[in-house]
Structure formats: C-alpha cells, structure tokens
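Visitor: Could you have a look at this structure, given as structure tokens, before my questions?
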Amino acid sequence: MKAIHVIEAFESKQPAYAGNYHSDGKTLCLFGNPIAEHREDGLYVTFAGWPTSTTAKALNWISGVSVSRRGGDISINGKTVETSLDWVKV
C-alpha cells in the first residue's frame, strides 16, 4: 500500500498503514505524529510541530486542504498558522 492510499482510507474513515503513514480511520499519523483528525465538528489538520515539505505534501493530499509555506510562514487553506503545532479546521 502507498501513502496516498492511507490518506484515501483516512478520508473514507477506514484504517490503513503504509510506511510512515497510519490511519485508524479517525486520525491520520505521519511518523507517529497526528497530522489530521476527524472530529464531531469537522476535519482538523496540523503540522504537528514538523513544518517540513513531507508534512506539507501529506496534508496537501487530503481533499479540501491546501498548504503553502513561504519565508517561514505557513498557511492552511489561506489561514496563517501561528505555530506549527496549531490545529486548523478545514
């Protein structure tokens, strides 16, 4: 299974595992760190303290999520993220 398949499973709220990606259907983890969660009021995403291109790529694979990083600034769906630990509702 490839990483994109884990993200597709997460979007369908199904468990999946491949390499450094894991989903229990509710939470998507990268290298063991939660980077996306289905909550009662919607989908939330975070860089989990790791504002790397790998995390950005994983988040961008999630439908409805658009991540950009410029000059040390991070935005998710056009919202500036104060710290790489912040959770953003998308």
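Visitor: Based solely on its DSSP helices, what 222 nm [θ] is calculated for the chain when runs of n ≥ 4 H residues each add -39,500 (n - 2.57) and the sum is averaged over all residues, nearest 500 deg cm²/dmol?
Guide: Mean residue ellipticity at 222 nm (helix-derived): -5000 deg cm²/dmol.
Visitor: Something else about it: Give me the number: length gained by fully extending Asp24 to Glu37, i.e. 0.36 nm times residue separation minus the C-alpha to C-alpha distance, one decimal in nm.
Guide: The span from Asp24 to Glu37 would gain 3.7 nm if fully extended.
Visitor: Report D for the chain in µm² per second (integer): Stokes-Einstein, Kirkwood Rh on Cα pairs, 10 °C, 1.306 mPa s.
Guide: The Stokes-Einstein estimate is 124 µm²/s.
Visitor: Under unit Cβ charges (Lys, Arg +1; Asp, Glu -1), what dipole magnitude, rounded to 20 debye, does segment 12-90 have relative to its Cα centre? Please report the intermediate quantities before stating the final value.
Guide: On the way: 8 positive and 7 negative charges, 44 e Å.
Using only the charged Cβ atoms, the result is roughly 200 debye.
Bear in mind these aren't lab numbers, they're just calculated from the coordinates by the rules spelled out. Computed from a predicted structure; not experimentally measured. No Cβ is skipped: glycine too gets one built from the backbone with ideal geometry, and neighbour counts run over all protein chains shown.
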